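Engineer: Provided herewith is a single structure, encoded as structure tokens, for subsequent inquiry.
The values are calculated or read from the model by the stated rules, or taken from the named source; none is laboratory data. Predicted, not measured: the structure shown is a model, and the values here were computed from it. Only protein heavy atoms, including side chains, enter the accessible area calculation; ligands, DNA and RNA are left aside. Shrake-Rupley method; radii C 1.70, N 1.55, O 1.52, S 1.80 Å.
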Amino acid sequence: MSQNHGHTLTARGPDLTSISNRAPWEDARMKLKPSTPTRKPKPPKPENAITIGVSARVLFNMEKEQQIYEQQGLEDYIKYQVEHETQPFSPGPAFSFVKALEAVNTQLRELYPDSEELFDVVLMTNNHAYVGLRLINTINHHQLFIERFCMTGGNSPIGYLKAYHTNLYLSSDPDKVREALEEGIAAATMFTQEKITEVSDTQLRVAFDGDAVLFSDESERIYKAHGLDKFFEHEKAHENKPLDHGPLKGFLEALGKLQKKFYGKGQRMDCPIRTYLVTARSAASSGTRALKTLRSWGLEIDEALFLAGAPKGPMLEKIRPHIFFDDQMFHVEGAAEIGTVACHVPYGISQAMPKKGINDKETSSAPK
């Protein structure tokens, strides 16, 4: 499949390099005091929560600041951030997803006031604490409930993911995402895109591809090596043998855990979490194994769409998910074209580095 069908997506490198001891920004004066909300719910303990790690560059739009960094350097970047400390960033591609997580938490707290089985969003960035002040002001401005920060001052935040009990990590840096996947953390690259479709503000909708996302790439390897007919034969012969898990199986499991809390209160049909399998598999030829695999894991999927190789965009346009995960950039780009926030899961045999039109200027020191 073609890996470069447009230029609507951009992924960037990490947030920031290590910074020097000099502080030319210290003379910046703040004319406005940030408004910090007071009565917030208590965050859950990390071991009880479903922790979503998001980078600053996917939660907020920081493209202008990155241009300053690339064109003028680190010191001017820091100075600009401090001088604009009370000017909030606009929402980025992960913003609606995070707001939907908070909406689910609100309903969970109503049903289970003392439960700590909630979504907990952690802002993970290798930006410096000086930039962190602007991020805090932005979070308060948008009335987001994000209490946990991981600001590493130029170092990679990946080493902290397990310490935070991270269930999903979203970043604009493909290298960091691959590093997280190698550590066994569910992760995906999120892109800045030109168009984002309006989504539900009361129901979290999450769409998954199957092979190399929820499942391993076992079947994809058969297809790549021997073609479609052998793929169908293999799936038929092994339809009662569950597929191995893929990188995002654990995240679906975490979503299912919260869904069952709503089911326990008689809210199966009104559950504020809905999951979708959107796969190129054919239902009759290879769908049985996918569904039996999910059943063997004790997991449910609310809707399963077997497209038999047809484009996924029209289905995603109908679903309007807050987030869609796929291992192939062809499908990620197609989803982005119709306004779906699509994430790339760089796992499995189909992987190739996104080409330069999509990944403009990846460096190890660019702000994320």
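Engineer: For a quick check of understanding: with a 1.4 angstrom probe and all protein chains in place, what accessible area in square angstrom does ASP173 have, to the nearest ten?
Structural biologist: Roll a 1.4 Å probe over it and ASP173 shows about 0 Å².
Engineer: While we're looking at this one, here's another question. Can you tell me which aspartates and glutamates have their Cα less than 20 Å from the Cα of LYS45? Leave out same-chain residues fewer than eight positions away.
Structural biologist: Correct list for LYS45: GLU102, GLU110, ASP114, GLU116, GLU117, ASP120, GLU147, GLU253.
Engineer: So for the stretch 121-209, Kirkwood radius off the Cα pairs, Stokes-Einstein at 37 °C and 0.692 mPa s: how many µm² s⁻¹? Show your work: numbers first, answer last.
Structural biologist: On the way: Rh = 14.7 Å.
After rounding, the answer is 223 µm²/s.
Engineer: Please report how many Lys pairs in the stretch 234-341 have alpha carbons closer than 14 angstrom, counting only residues at least 8 apart along the chain or sitting on separate chains. Please list the in-between numbers first.
Structural biologist: Details: LYS236/LYS292; LYS241/LYS292; LYS249/LYS257; LYS257/LYS265.
Close lysine pairs under the 14 Å cut-off: 4.
Engineer: Pull up all non-local amide H partners of PHE208: gap of 5 or more, or a different chain, and H-to-H distance under 5 Å with H placed in the peptide plane.
Structural biologist: Hits under the 5 Å cutoff: TYR276, LEU277, VAL278, PHE325.
Engineer: Could you tell me how far the Cα centroid of the stretch 106-165 sits from the Cα centroid of the stretch 174-240, in Å?
Structural biologist: 26
Engineer: Mind listing the Cα extents of the stretch 161-252 along all three principal axes, in Å, largest one first?
Structural biologist: For the stretch 161-252, the Cα extents along the three principal axes come out at 41, 34, 24 Å.
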